[in-house]
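*Asks:* Please read through the structure below; I'll follow up with questions.
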Amino acid sequence: MSSNHSLFLIKPDGVERQLQQAVVEAAEEAGLTVVCRHRLLLGEEDIVRAWADTRRSDHPLEHLSLDFWYGGRPMEVLLVSGTDALARANRVKSTVRAGYRLGPFANVVHTPDHTGEFDLQLSVFARDCPTCAGTVSTDFGDYADVPQAYPPGTLLPAAWRDIERLRELAQPLWDDPASCFWRPTYPEPYRADNPQGPQDRALYIAASPHQLSFDNLVGALLTALPGIGFAHALELIVSALHHQDFTLAVGTSAECERYRDALMAQGLNTPIRTLAQDALRREEQIRTSGLPDTATVPAA
């Protein structure tokens, strides 16, 4: 497979809004040539194979998000070529999303980050297209032995690896994100019961931890924050992925240090700031988002 190829998967919201030509034009302006273009409909097994580098049995929450995004809805694939195609395609993706995204779950287009991801996904997206199929150089067999994209990390408890149970919980967030996590004042940070001192510190994620899966991230909160509920952990992580410097927990200095150490050991960059600093940051997020302040974090 050549590094001079990449692909654009125009997601269902992009197809529904008829943004295919906008993606084509942006790709051509970036010096990429559209080699092939065809429609695509993915079923559950197609998604399992195209994202076999994230094993469904270990990462059911990650696969649930893929089902929500891609499952059973019309999409379009563009195979493109050009010098440094993967990097150029990713820049085009960022430009298109900046211009056309509508909230966290309507961001128009996907592109692979590296050659292995390109080859894996195109092996499924090619279907009966000889042009696309001729670009794939790897035979993935039954897709059982594909190298995994994420480190082992902390997996979800066994009780929460039932994808249908997860679907029941996550569906309302997906259907109406503006009513729940898609604002900087929701959900409320975690607080421990019966603190041993003033809860005047806040723990936050300094950068979106995209090197870990949803399952790893939620699992990390469940192990690091004593007694936190699964739904609360899920809402905190999804919010943190969409809001910079999002507050995870409020507690005493000693509590936050324990939370920080436990989370950083699992790959999350979680510094501590004072509650006063946290309040200023949240006010800034509200102001720049244009959303009303519907919740506050009072000092305990």
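*Asks:* Please find, within the range 222-251, the residue that is farthest from Pro60 (Cα to Cα) out of those that are open to solvent by 10 Å² or more (accessible area, probe 1.4 Å) and of a type in the set (S, T, N, Q).
*Replies:* It comes out as Gln244.
*Asks:* Within the range 176-191, restricting attention to residues that are touching a Leu at 6+ places or on another chain (Cβ under 8 Å) and more than 14 Å from Arg282 (Cβ to Cβ), which residue is modelled with the highest pLDDT?
*Replies:* The residue in question is Tyr190.
*Asks:* A follow-up question, please. Hey, does the range 131-138 have a residue that's surrounded by fewer than 12 Cβ atoms within 10 Å (Cβ to Cβ), without any contact (Cβ under 8 Å) to a residue 60 or more places away in the chain and hydrophobic (A, V, I, L, M, F, W, C)?
*Replies:* no
*Asks:* For the range 80-95, does any single residue satisfy the condition of being of a type in the set (Asp, Glu) and without any contact (Cβ under 8 Å) to a residue 24 or more places away in the chain? Spell out the reasoning first.
*Replies:* Within the range 80-95, the subset of a type in the set (Asp, Glu) is 84.
Next, only the ones that are without any contact (Cβ under 8 Å) to a residue 24 or more places away in the chain stay: none.
No, the conditions are met nowhere in the range 80-95.
*Asks:* I'd like the full set of residues that are modelled with pLDDT of 65 or more, within 17 Å of Gln244 (Cβ to Cβ), among the hydrophobic types (A, V, I, L, M, F, W, C) and open to solvent by 50 Å² or more (accessible area, probe 1.4 Å), limited to the range 257-300.
*Replies:* Ile272, Leu280
*Asks:* So which residues in the range 103-160 are assigned to a loop (DSSP other than H, G, I, E, B) and among the aliphatic types (A, V, I, L, M)?
*Replies:* Within the range 103-160, Ala106, Val108, Ala126, Val136, Ala144, Val146, Ala149, Leu155, Leu156 qualify.
*Asks:* A further question follows. Could you grab the pairs with beta carbons closer than 9 Å, sequence gap of 6+ or different chains, first residue in the range 139-163 and modelled with pLDDT of 90 or more, second one surrounded by fewer than 12 Cβ atoms within 10 Å (Cβ to Cβ)?
*Replies:* Close Cβ pairs satisfying both conditions: Arg161/Ser57.
*Asks:* Looking at Leu120 and the list (1) surrounded by fewer than 20 Cβ atoms within 10 Å (Cβ to Cβ); (2) over 27 Å from Ile237 (Cα atoms), which single condition is not satisfied?
*Replies:* With respect to (1) surrounded by fewer than 20 Cβ atoms within 10 Å (Cβ to Cβ); (2) over 27 Å from Ile237 (Cα atoms), Leu120 is out only on (1).
*Asks:* While we're on this one: Can you pull out the residues in the range 52-97 that are among the aliphatic types (A, V, I, L, M) and either within 25 Å of Pro157 (Cα to Cα) or in a helix (DSSP H, G or I) (or both)?
*Replies:* Across the range 52-97, the qualifying residues are Ala52, Leu61, Leu64, Leu66, Ala85, Leu86, Ala87, Ala89, Val92, Val96.
*Asks:* Of everything in the range 149-173, what is under 16 Å from Ile237 (Cα atoms) and buried (at least 17 other Cβ atoms within 10 Å of the Cβ)? Give them in sequence order.
*Replies:* Gly153, Thr154, Leu155, Leu156, Trp160, Leu166, Ala170, Leu173
*Asks:* Then there's this: Looking only at the range 96-117, count how many residues are open to solvent by 70 Å² or more (accessible area, probe 1.4 Å), in contact (Cβ under 8 Å) with a residue 40 or more places away in the chain and either within 20 Å of His38 (Cβ to Cβ) or of a type outside the set (Ser, Thr, Tyr) (or both).
*Replies:* 1
*Asks:* Further question: Check whether at least one residue in the range 139-146 is of a type in the set (Asp, Glu), under 16 Å from Leu32 (Cα atoms) and open to solvent by 80 Å² or more (accessible area, probe 1.4 Å), and report yes or no.
*Replies:* no
*Asks:* Give me the residue from the range 1-54 that is touching a His at 6+ places or on another chain (Cβ under 9 Å) and aliphatic (A, V, I, L, M) and, out of that set, most open to solvent (accessible area, probe 1.4 Å).
*Replies:* Val35
*Asks:* When you go through Leu41, Leu7 one by one, which is the residue that is within 25 Å of Ala144 (Cβ to Cβ), touching a Ser or Thr at 6+ places or on another chain (Cβ under 8 Å) and among the aliphatic types (A, V, I, L, M)?
*Replies:* Leu7
The values are calculated or read from the model by the stated rules, or taken from the named source; none is laboratory data. The model shown is predicted, which means the values in this text are computed figures rather than measured ones. As a convention, Cβ positions derive from the backbone with ideal geometry for all residues, glycine included, and neighbour counts pool all protein chains shown. With ligands, DNA and RNA removed, areas are computed over all heavy atoms of the protein, side chains included. Shrake-Rupley method; radii C 1.70, N 1.55, O 1.52, S 1.80 Å.
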